[in-house]
Amino acid sequence: MGPETSSVTDAGGPAAEPAHHWGTLDGVSIDFPMVVERMHSLTLTYAVPAGPAQALLPGDAFEVARGEGDTATLVVALVDYRQNPWGDYDEVNLGLLSHPVGRPDHVGAFVYRMPVDQEFTKRAGNEVLGLPKTVEDLAFEYAQDRVTMRLATGGTHAMTVSWPRAAATGAPELTDATTFSYLDGVPTELPLAIELGTGLVDPAEVEVELGPAPLADELRSLGLPRAPDLAVWGEDLRGVFGRPRPL
């Protein structure tokens, strides 16, 4: 089927897991697999120095996946959720490709910061998934040919990112991935399958401005602001999130 009529529940991976009811939160049923039917997303990747990247990982259960030249990979995902069981919220996802200590072949993204703009998804992310969501001042602005995301944390400007609204070059496909976290102090993996945009953005046309907030200082320790190594944009993307599992 084409993307207009197919469903993420047709896929394997997390979508094929048995149904699980976690419970309720603020009267909302929390169920897995959790299907997101519509979101817009920009994904940026950067090769960054491994030492400063490792310093951003809390605890001692994970270490960054090291590449050539003792580098790590920073993944920045800016997500505008349009149809999501946990709300129509905005999110900045700052992650580092990492693996559990002693398991270098099990690579996923450890998300060390995750600002959002709504309280419910913050609570659900913290209590159900162990993700470090915080409620911040976060907004997307759309023009005909460009998108801008502005983020302030703790009332202080953290980052502004602007990029071309690149057209899709093909139909997106669900890609299996893993996010790592600590849920109630326990190292945890979060399986997911996500569509990445196929709108290829010229990295030179991505504008990143950092403010004086601590989040921005962390990014400066990794060598930002600069052009990303890769930038892709997509609209009306889908995803499915599986039940968290202790490692």
Exercise. Within segment 109-175, list the GluC sites (Glu not before Pro) lying in a DSSP loop whose Cβ has at most 12 other Cβ atoms in a 10 Å radius.
Key: E173
Self-check item: Karplus (6.51, -1.76, 1.60) ³J(HN,Hα), θ = phi - 60°, over segment 169-178, in Hz, Gly and Pro reported as x
Solution: 9, x, 6, x, 10, 5, 10, 5, 8, 9
Quiz prompt | Within the chain: Cβ-based charge dipole about Cα centre, in debye rounded to nearest 20 (Lys, Arg +1; Asp, Glu -1) | solution = 340
Quiz item: How about segment 198-247: which trypsin sites (Lys or Arg not before Pro) there are in a DSSP loop, with at most 14 other Cβ atoms within 10 Å of their Cβ?
Solution: R226
Quiz item: From the phi of every residue in segment 29-36, what ³J(HN,Hα) in whole Hz does the Karplus formula 6.51 cos²θ - 1.76 cosθ + 1.60 yield, where θ is phi - 60° and glycine or proline is x?
Solution: 6, 9, 10, 10, x, 9, 9, 9
Practice problem: Would you calculate the volume per residue, in Å³, of the smallest convex hull containing every Cα atom of segment 8-246? | Solution: 125
Quiz item: Once every DSSP H run of n ≥ 4 in the chain is given -39500 (n - 2.57) and the sum is divided by its residues, what mean residue ellipticity at 222 nm do you get, rounded to the nearest 500 deg cm²/dmol?
Solution: -2000 deg cm²/dmol
Exercise. Name the long-range amide H neighbours of F62: under 5 Å, sequence gap of 5 or more, or other chain; modelled H, no Pro or chain starts.
Key: V101
Self-check item: DSSP beta bridges in the chain [antiparallel fraction, %, rounded to 5]
Solution: 95
Quiz item: What are the residues whose amide H is under 5 Å from the amide H of M159, where those residues sit 5 or more places off or on another chain and H is modelled from the backbone?
Solution: L151, G211
Quiz prompt | Selected from L56, L230, L25 as most flexible by GNM, with the chain as the system and alpha-carbon contacts under 10 Å | solution = L25
Quiz item: Hey, how many Å between the Cα centroid of segment 71-92 and the Cα centroid of segment 138-188?
Solution: 4
Quiz prompt | Amide H contacts of L131 (H built 1.01 Å from N, under 5 Å, at least 5 apart or other chain) | solution = N126
Exercise. If a/c stays under 1.5 just call it rounded; otherwise compare a/b with b/c (prolate if a/b is bigger, oblate if not). Do that for segment 112-247, with a ≥ b ≥ c from the square roots of the Cα gyration tensor eigenvalues.
Key: oblate
Quiz prompt | Phi to ³J(HN,Hα) by Karplus 6.51 cos²θ - 1.76 cosθ + 1.60 over segment 123-133, Hz, x for Gly, Pro | solution = 5, 5, x, 5, 7, 9, 10, x, 7, x, 6
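Each reported figure results from applying straightforward, stated rules to the coordinates on display, with no laboratory input. For clarity, every value in this text was computed on a predicted model and none was experimentally measured. FYI the Cβ positions are ideal-geometry reconstructions off the backbone, even for glycines, and counts take in every protein chain you see.
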